[in-house]
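Participant: One structure, pasted below without further comment.
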Amino acid sequence: MKRRRFVKTVSSAGLGLLGARTPLFAKGSPSEKVVVCVMGLNGRGTVLAKTFAKTPNAEVASVCDVDATVLAKAAAAVAEAQGKPVKSLADFRRALDDKSIDALVIAAPDHWHAPAAILAMAAGKHVYLEKPCGHNAREGELLVDAQRKTKRVVQMGTQRRSSPRAIEAVQAIRDGMIGRAYFARAWYANRRATIGRGKAAPVPANLDYELWQGPAPRTPYRDNMIHYNWHWFRRWGTGEICNNGTHEIDVARWALGVDHPVRVTSAGGRYHFDDDWEFTDTQEAAFEFDGGRAIAWQGRSCNPYPVEARGRGTIVHGTTGTMVVDQDGYTVYDMDQKIVKQNVAPPPTGTDSLAVSGDDQLTALHIANFVEGVRTGAPVSQPIEEGAKSVLLCRAPRRCGDGPHPGRRGGDGLLAAGLRAGVGADGLNPDRFFDPDPSIRRVARALYEDTRGLPIVSPHGHVDPRILADNAPFPEPASLIVQPDHYILRLLYANGVPLESLLQGDPRRVWQLFAGRYYLFRGTPTGAWFDYELHEVFGVREQLSSETAAHIYDEIVEKLAAPEFRPRVLFERFNIEVLATTDAATDRLEHHCAIRESGWKGRVIPTFRPDALFRISSPEWPAALDGLGRVRDYVGFVRALVERRKYFKQLGATATDHGVLEPYTALLPEEEAERLFQRARRGDATPDDERRFTAHLLMEMARASLADGLVMQIHAGALRNHNQAVFERFGPDKGGDIPVATEFTRNLRPLLNAYGNDPRLTLVLFTLDESTYSRELAPLAGHYPAVRLGPPWWFHDSMEGMRRFREQTTETASIYKTAGFNDDTRAFCSIPARHDLARRMEANYLGGLVARHVIDESDARRMARALAYDLAKETYKLARLD
C-alpha cells in the first residue's frame, strides 16, 4: 500500500472494468440486509459499528483494527449491541476478499481514508467514509473518479446532511427566509491539552505499527502519537479544520449553495503550546465565491471561548435576517435580532428522536440513509462528490501556520490561492500555464483533465538504467536533484555560483546554495518542473528558499528512505508505461539485462547511440572503437555496428539516436570510407574528415533502419562544451552546450532522396534552431513519409517554446507528423513534471484553436490524446511490443 500509487490504481483498466453497474449487494448477501466491515475502532469506529449493528436492514459481519486490544474490546461491544458475534480482522484487506461483505466502513486515521476507500471500490464494495475524505486534495479527486468508474455508493460522514432540522434550515434559506444569503461564519472551539514532546519508544506488542502507517511515510514510533494525537501530525492527520471544521464548513457551503472559491486567505499558528503539534491551534480563514458570497472559519483548539453561546456551529447572514445552525437545530433572527422561527431538539433527557448525545442520533440517521442507498439505489445525503468539495475547501487554508519544524510558533502568514473544481491549492495553481482568456482556459482545463491521467510514454531520455536495476534508495536531494541537472548548474554558474561549490561541496551546503537562489528559476521551465516535483512527488507544501531549505532537505531525506520512494515504486506511481534510456553503442547493457532478469514488470528499454564511434578525430575514438572488439577495416566496422544494433533490439530497443552539430548527410564511395577509417586508426583524422565520415555513417544508419526497423533520431545544432575551461575542469554536461544555426533542407537531401520515401524508415528530427520550424522542418515533414518532427528540445521545451513550435509547424505538417512528447531528462524524479507541463501546454494550444473555431472540441479531445500519448507510442513503434 503506497500513497499516490493510487493515481495509477484509480485510472487503471482494472478499476475501469468495474464501470458497468455491478449488483448493489455482494454475492450471497441477503437482499434485505447490507453487510458491513468496520475499519478503525478506537473511538469513532466503535460508535459507527454499534450504530450499524442497531440499524434496520444492516449487519456488522466483521470489525478491523491494527491494535489487538482495541479490536477485542470493540468486537465484544458490537457483538453485544447486535446480539450475535462478529469476526475480528487485523487487516481490512481480508474483508475485501470476503464476497459476503457489501460495504466497508472506514474510521481509520486520515491517511488511510482514500487508499482504503479506493481499494474497497475496486473490490466491488460500497463505502461509508468518515471525514475528511482524503489526506490531501488529490485524493478527493481520486475518490470521485473511482466512484464514477465503479458506480459504488460512497457516503462521507458529515452527518448533518441527514438531519431533518438541518435539511429544513437549508430549505428555509433557499426559500428566502433571511433574504439573499451572502455570508456564513463557521467555528469550532475546544480546550485541548498539549501533546508534549514525544520520545522514542518500543512499539507496543498489541499494535501492528507497520500496517498502521500503511501508505504514509515511515517514521520511528514515539510515545505521543497513537491513538488520537496522530490528528496533529502531518504524516497522518489533517488538523482541526479538517477534523472538526469539515462539519461546520460543509453546512456553510450547503446553506450558501456554493462549490469552489475564487480566493482563499488565512492566518494563524501554533500559539498555545510549544510541543510536537504540527498544525495551527488558532486559525481564521476566509473563502470568497463568485456571486458576492463568502464563508469565514474560526478554529480554536486550545481556547474554548464560545461564539453565540456555542462551542461549534454555523451562522448565515442574509439581506433580511440571520440563521444560526448547529447539530441541535436552527434559530432564525430578523434584522432587529428577534427570533422569528426556531426548531431545536429538546435536551437529551427528552423523548425526541433527534436528541443529540455526541451526535449519535445524527449518525444513526446518516447510516440509515447510507443503508437505504445501498439497498435501493436511492440518493445518499452526502455523496462523495459533494463531500470532496467541502473537504477541498478545508484543505485550501490548512497550510497557514503549519511551521516548517514541528512545534514552531507562528506560521506562513497569508495564503491566497485560486481554486477550481476538484483541485486543491497548497501552492500550485490548477490553472497554471493556461491562457487568461476564459474561452480558451475552459477548453484547456477540460482537455488537460482528459489527458493528465494517461500513462507516460518516455521514448527518449537519459535516465541511468542502473537506478532501476539496483532499485536502491535515492541519495540525499543535492546529488539527486541539483548536481546531475545541467539546467540547474548552468543558471547558478551564470549568476556567480562556483561550480566547485555545487559539484564538490557538502550536500547540505549545495542544497542551501540552490535554495537561496531558487528565485533565479522563476518563469523558467526548470522552475515549473521543480515546483511540480517538490509538490507532487515529494509532498512539500512550502516554497523553497534560504529559510525553508534545511527543513525541506530533511523532509526529502526522510521520504527518500521510505519504501514508497524506491525507484521502481516511483516508476509505477508516475504511471510510466515505457522508459527509453540512451546508451553508447558499445554499452554491455548489463543494467537492462538485470532489470529483465529481476522479474519486475516495468518496461525499460535501451536506445542505440553510436556518437562516440562517429567522432574519428577525437582522442577518445580509439578507446570507443576497442569497445566493438577486433575491428580492422571499414566493412568490419559497419558490420559490428549492425550487430550491436541487433543486440540492442533484443533487449527491447526501438530507436537509435545521433547527436550531431549539423545534419549533414552524403554517401561516400566505399574506398573513401575505408581511407578515412584507416586514417582515424592511425590518429591522423581531421575535423573535416570526421564531418564527411559522420555524413556517410548517417546514410549507413538510415539504410540499416530499413532492415532492422529501428527508428532513427537526429538531434542537431548543439555546439558542445563551449566553455573550454569548465569542460577541462569538470567535464561534459555542465551546462556549457550552446545552440547554433542549423540547415536541414540541403543537408538532409541526400538521405531523404535515398530513403525518405521508404515506409520502412521513420526519421525523427530535432533542432535547437527555431528559425527552421516553419521554413524547413515543417515542409520536410509535410512532404516526406519518413519524417517526423521531434518535440521542442532542450532550450525550447519551455512554456513559450512549446507554443511557438505548435504555432509554426501545425499548419504545414499537422500534429500527426510530430512525435508527441519526450522528456529528454536525466532527472528521473522530474519525468512526471515535464509531461504534466507538456500536456498543459498542448491543451492550451488546442483550446485556442477551439476558441477561434478552427477545430471543435471533439477534434481537440482526439488531438490532445494523440499529443500526450498516441503519437509517441506510434512514432517509436512501442505499441507492437505491448
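Participant: Among the listed residues Pro498, Pro473, identify the single one that is surrounded by fewer than 17 Cβ atoms within 10 Å (Cβ to Cβ) and touching a residue at least 60 places away in the same chain (Cβ under 8 Å).
Facilitator: Working: Pro498 fails: touching a residue at least 60 places away in the same chain (Cβ under 8 Å).
Criteria check complete, one pass: Pro473.
Participant: Could you look through region 151-167, keep only residues that are under 36 Å from the mean Cα position of the chain (by Cα) and basic (Lys, Arg), and pick out the one that is least open to solvent (accessible area, probe 1.4 Å)? Steps first, please.
Facilitator: Our first condition is that a residue be under 36 Å from the mean Cα position of the chain (by Cα); within region 151-167, this holds for 151-162.
Retained after the next criterion (residues that are basic (Lys, Arg)): 151-152, 160-161.
Details: Lys151: 83, Arg152: 4, Arg160: 20, Arg161: 21 Å².
Selected residue: Arg152.
Participant: Give me the pairs: first residue in region 315-327 and more than 15 Å from Val340 (Cβ to Cβ) and part of a strand (DSSP E or B), second residue among the basic types (Lys, Arg) and at pLDDT below 95, beta-carbon distance under 6 Å, and six or more apart or on different chains, which are they?
Facilitator: Pairs that qualify, where the first residue is more than 15 Å from Val340 (Cβ to Cβ) and part of a strand (DSSP E or B) and the partner is among the basic types (Lys, Arg) and at pLDDT below 95, are Asp326/Arg310.
Participant: Counting only residues that are in contact with an Asp or Glu (Cβ under 7 Å, 6 or more places away or on another chain), aliphatic (A, V, I, L, M) and either assigned to a helix (DSSP H, G or I) or open to solvent by 50 Å² or more (accessible area, probe 1.4 Å) (or both), how many does region 41-53 have?
Facilitator: 1
Participant: Yes or no: Val635 β-branched (Val, Ile, Thr), without any contact (Cβ under 8 Å) to a residue 12 or more places away in the chain and within 21 Å of Ala695 (Cα to Cα)?
Facilitator: Details: β-branched (Val, Ile, Thr): yes; without any contact (Cβ under 8 Å) to a residue 12 or more places away in the chain: no; within 21 Å of Ala695 (Cα to Cα): yes.
Judged against the criteria, Val635 is not a match.
Participant: Taking region 828-858 as the search range and keeping residues that are out of contact with any Asp or Glu (no Cβ under 6 Å at 6 or more places or on another chain) and of a type in the set (Ser, Thr, Tyr), which one is farthest from Val537 (Cα to Cα)?
Facilitator: Ser858
Participant: Go through region 501-528 residue by residue and tally those that are in a loop (DSSP other than H, G, I, E, B) and in contact (Cβ under 8 Å) with a residue 40 or more places away in the chain. Walk me through how you get there before you give the answer.
Facilitator: To start, the set of residues in region 501-528 that are in a loop (DSSP other than H, G, I, E, B) comprises 504-506, 517, 522-524.
Okay, now just the ones that are also in contact (Cβ under 8 Å) with a residue 40 or more places away in the chain, so 524.
So the count comes out to 1.
Participant: In region 352-372, is there at least one residue being among the charged types (D, E, K, R) and modelled with pLDDT of 95 or more?
Facilitator: yes
Participant: For region 841-859, enumerate the residues that are open to solvent by less than 10 Å² (accessible area, probe 1.4 Å) and either over 29 Å from Pro759 (Cβ atoms) or under 22 Å from the mean Cα position of the chain (by Cα) (or both).
Facilitator: From region 841-859, those open to solvent by less than 10 Å² (accessible area, probe 1.4 Å) are 843, 846-848; that's our starting set.
Residues satisfying the conditions are Ala843, Gly847, Gly848.
Participant: Right, something else. Identify, please: which residue in region 685-706 is in a helix (DSSP H, G or I), over 27 Å from Val787 (Cβ atoms) and in contact (Cβ under 8 Å) with a residue 24 or more places away in the chain and is, among those, most open to solvent (accessible area, probe 1.4 Å)?
Facilitator: Within region 685-706, the first condition is being in a helix (DSSP H, G or I), and the residues that meet it are 687-706.
Okay, now just the ones that are also over 27 Å from Val787 (Cβ atoms), so 687-689.
From what is left, the residues that are in contact (Cβ under 8 Å) with a residue 24 or more places away in the chain are 687, 689.
Values: Pro687: 102, Asp689: 8 Å².
Across region 685-706, the extreme among qualifying residues is Pro687.
Participant: Regarding region 785-792, can at least one residue be identified that is open to solvent by less than 20 Å² (accessible area, probe 1.4 Å) and in contact (Cβ under 8 Å) with a residue 60 or more places away in the chain? Please lay out each step first, then the result.
Facilitator: Going residue by residue through region 785-792, those that are open to solvent by less than 20 Å² (accessible area, probe 1.4 Å) are 786-787, 789-792.
Filter once more, so that each one left must be in contact (Cβ under 8 Å) with a residue 60 or more places away in the chain: 790.
Within region 785-792 (the criterion being open to solvent by less than 20 Å² (accessible area, probe 1.4 Å) and in contact (Cβ under 8 Å) with a residue 60 or more places away in the chain), the answer is yes, since at least one residue qualifies.
Participant: Select from region 287-307 the residues that are of a type in the set (A, V, I, L, M, F, W, C) and in contact (Cβ under 8 Å) with a residue 40 or more places away in the chain and list them in ascending order.
Facilitator: Here is the first cut: in region 287-307, the ones of a type in the set (A, V, I, L, M, F, W, C) are 287, 289, 294-297, 302, 307.
Phe287, Ala294, Ile295, Ala296, Trp297, Cys302, Val307 - these are the residues of region 287-307 that are of a type in the set (A, V, I, L, M, F, W, C) and in contact (Cβ under 8 Å) with a residue 40 or more places away in the chain.
Participant: Which pairs have Cβ atoms under 6 Å, sit 6 or more apart or on different chains, and link a residue in region 659-679 that is over 17 Å from Trp621 (Cα atoms) to one that is in a loop (DSSP other than H, G, I, E, B) and aromatic (Phe, Trp, Tyr)?
Facilitator: Partner pairs satisfying both residue conditions: Pro663/Phe744.
Participant: If I go through region 707-741 residue by residue, how many of them are closer than 16 Å to Leu661 by Cα, open to solvent by 10 Å² or more (accessible area, probe 1.4 Å) and of a type in the set (Val, Ile, Thr)?
Facilitator: So the answer is 2.
Participant: Still on this model: Going residue by residue through region 540-559, is there one that turns out to be farther than 30 Å from Lys646 by Cβ, in contact with a Cys (Cβ under 7 Å, 6 or more places away or on another chain) and either surrounded by fewer than 21 Cβ atoms within 10 Å (Cβ to Cβ) or not β-branched (Val, Ile, Thr) (or both)?
Facilitator: First pass over region 540-559, keeping only residues farther than 30 Å from Lys646 by Cβ: 540-559.
Right, trim to in contact with a Cys (Cβ under 7 Å, 6 or more places away or on another chain) and you get none.
Looking through region 540-559, none of the residues is farther than 30 Å from Lys646 by Cβ, in contact with a Cys (Cβ under 7 Å, 6 or more places away or on another chain) and either surrounded by fewer than 21 Cβ atoms within 10 Å (Cβ to Cβ) or not β-branched (Val, Ile, Thr) (or both).
Participant: Could you say which residue among Phe744, Phe766 is in contact with a strand residue (DSSP E or B) (Cβ under 6 Å, 6 or more places away or on another chain) and not acidic (Asp, Glu)? Write out each step before concluding.
Facilitator: Numbers: Phe744 fails: in contact with a strand residue (DSSP E or B) (Cβ under 6 Å, 6 or more places away or on another chain).
The conditions single out Phe766.
Participant: Further question: Which residues, counting only those in region 750-774, are over 18 Å from Val711 (Cα atoms), surrounded by fewer than 21 Cβ atoms within 10 Å (Cβ to Cβ) and without any contact (Cβ under 8 Å) to a residue 40 or more places away in the chain?
Facilitator: Of everything in region 750-774, those that are over 18 Å from Val711 (Cα atoms), surrounded by fewer than 21 Cβ atoms within 10 Å (Cβ to Cβ) and without any contact (Cβ under 8 Å) to a residue 40 or more places away in the chain turn out to be Glu770, Ser771, Ser774.
Participant: Among the residues of region 328-338 satisfying the criterion of being in contact (Cβ under 8 Å) with a residue 12 or more places away in the chain and of a type outside the set (S, T, N, Q), which is surrounded by the most Cβ atoms within 10 Å (Cβ to Cβ)?
Facilitator: Filtering first and then ranking leaves Tyr330.
Participant: Out of (1) touching a Gly at 6+ places or on another chain (Cβ under 8 Å); (2) in a helix (DSSP H, G or I), the odd one out for Tyr448 is which?
Facilitator: Among (1) touching a Gly at 6+ places or on another chain (Cβ under 8 Å); (2) in a helix (DSSP H, G or I), Tyr448 violates only (1).
Participant: Let me confirm something: among Val170, Val203, which residue is open to solvent by less than 20 Å² (accessible area, probe 1.4 Å), of a type in the set (Val, Ile, Thr) and either closer than 18 Å to His113 by Cβ or touching a residue at least 12 places away in the same chain (Cβ under 8 Å) (or both)? Can you show your working first?
Facilitator: Numbers: Val203 fails: open to solvent by less than 20 Å² (accessible area, probe 1.4 Å).
Of the residues listed, the single one that is open to solvent by less than 20 Å² (accessible area, probe 1.4 Å), of a type in the set (Val, Ile, Thr) and either closer than 18 Å to His113 by Cβ or touching a residue at least 12 places away in the same chain (Cβ under 8 Å) (or both) is Val170.
Participant: Mind checking which residues of region 529-544 are part of a loop (DSSP other than H, G, I, E, B) and either in contact with an Asp or Glu (Cβ under 6 Å, 6 or more places away or on another chain) or not polar (S, T, N, Q) (or both)?
Facilitator: Phe538, Gly539, Val540, Arg541, Glu542, Leu544
Participant: In region 182-265, which helices (runs of 4 or more DSSP H) lie fully inside it and hold 1 or more residues that are over 24 Å from Asn42 (Cβ atoms), out of contact with any Gly (no Cβ under 9 Å at 6 or more places or on another chain) and modelled with pLDDT of 95 or more? Before you say what the answer is, go through the steps one by one.
Facilitator: On the way: elements: 209-213, 239-243, 245-256.
Once the helices (runs of 4 or more DSSP H) in region 182-265 are filtered for at least 1 residues that are over 24 Å from Asn42 (Cβ atoms), out of contact with any Gly (no Cβ under 9 Å at 6 or more places or on another chain) and modelled with pLDDT of 95 or more, what remains is 245-256.
Participant: Taking the stated definitions as given, is Arg804 out of contact with any strand residue (DSSP E or B) (no Cβ under 7 Å at 6 or more places or on another chain), of a type in the set (D, E, K, R), open to solvent by 30 Å² or more (accessible area, probe 1.4 Å) and farther than 23 Å from Ala868 by Cα? Break it down into steps so the answer makes sense when it comes.
Facilitator: On the way: out of contact with any strand residue (DSSP E or B) (no Cβ under 7 Å at 6 or more places or on another chain): yes; of a type in the set (D, E, K, R): yes; open to solvent by 30 Å² or more (accessible area, probe 1.4 Å): yes; farther than 23 Å from Ala868 by Cα: no.
When the stated conditions are applied, Arg804 does not pass them.
Participant: Let me ask something else. Exactly one condition in (1) assigned to a helix (DSSP H, G or I); (2) surrounded by 16 or more Cβ atoms within 10 Å (Cβ to Cβ); (3) within 46 Å of the chain's Cα centre (by Cα) is false for Ile616; which is it?
Facilitator: Result: Ile616 passes all but (1).
Participant: Still on this structure: Any chance region 284-306 includes a residue that's at positive phi, in a loop (DSSP other than H, G, I, E, B) and open to solvent by 10 Å² or more (accessible area, probe 1.4 Å)? First the steps, then the outcome.
Facilitator: Looking only at region 284-306, we keep the residues that are at positive phi, and these are 291-292.
Now narrow it down to the ones that are in a loop (DSSP other than H, G, I, E, B): 291-292.
Those left that are additionally open to solvent by 10 Å² or more (accessible area, probe 1.4 Å): 291-292.
Checking region 284-306: at least one residue is at positive phi, in a loop (DSSP other than H, G, I, E, B) and open to solvent by 10 Å² or more (accessible area, probe 1.4 Å).
Participant: Give me a count of the residues in region 655-684 that are farther than 30 Å from Thr875 by Cα and either hydroxyl-bearing (Ser, Thr, Tyr) or open to solvent by less than 10 Å² (accessible area, probe 1.4 Å) (or both).
Facilitator: Within region 655-684, the first condition is being farther than 30 Å from Thr875 by Cα, and the residues that meet it are 669-684.
Right, trim to either hydroxyl-bearing (Ser, Thr, Tyr) or open to solvent by less than 10 Å² (accessible area, probe 1.4 Å) (or both) and you get 673, 676-677, 680.
Looking only at that region, the number is 4.
Participant: Next question, about the same structure. Of all residues in region 168-209, which are within 21 Å of Gly313 (Cα to Cα) and of a type in the set (A, V, I, L, M, F, W, C)?
Facilitator: Ala169, Val170, Ala172, Ile173, Met177, Ile178, Ala181, Phe183, Ala184, Ala186, Trp187, Ala189
The values are calculated or read from the model by the stated rules, or taken from the named source; none is laboratory data. In this text the structure is predicted, and so the values were computed from the model without any measurement. Reconstructed Cβ throughout: ideal geometry from the backbone, glycine too, with neighbour counts over all protein chains shown. Ligands, DNA and RNA are stripped out before the accessible areas are found, and what is left, the full protein with its side chains, is counted by its heavy atoms. Shrake-Rupley method; radii C 1.70, N 1.55, O 1.52, S 1.80 Å.
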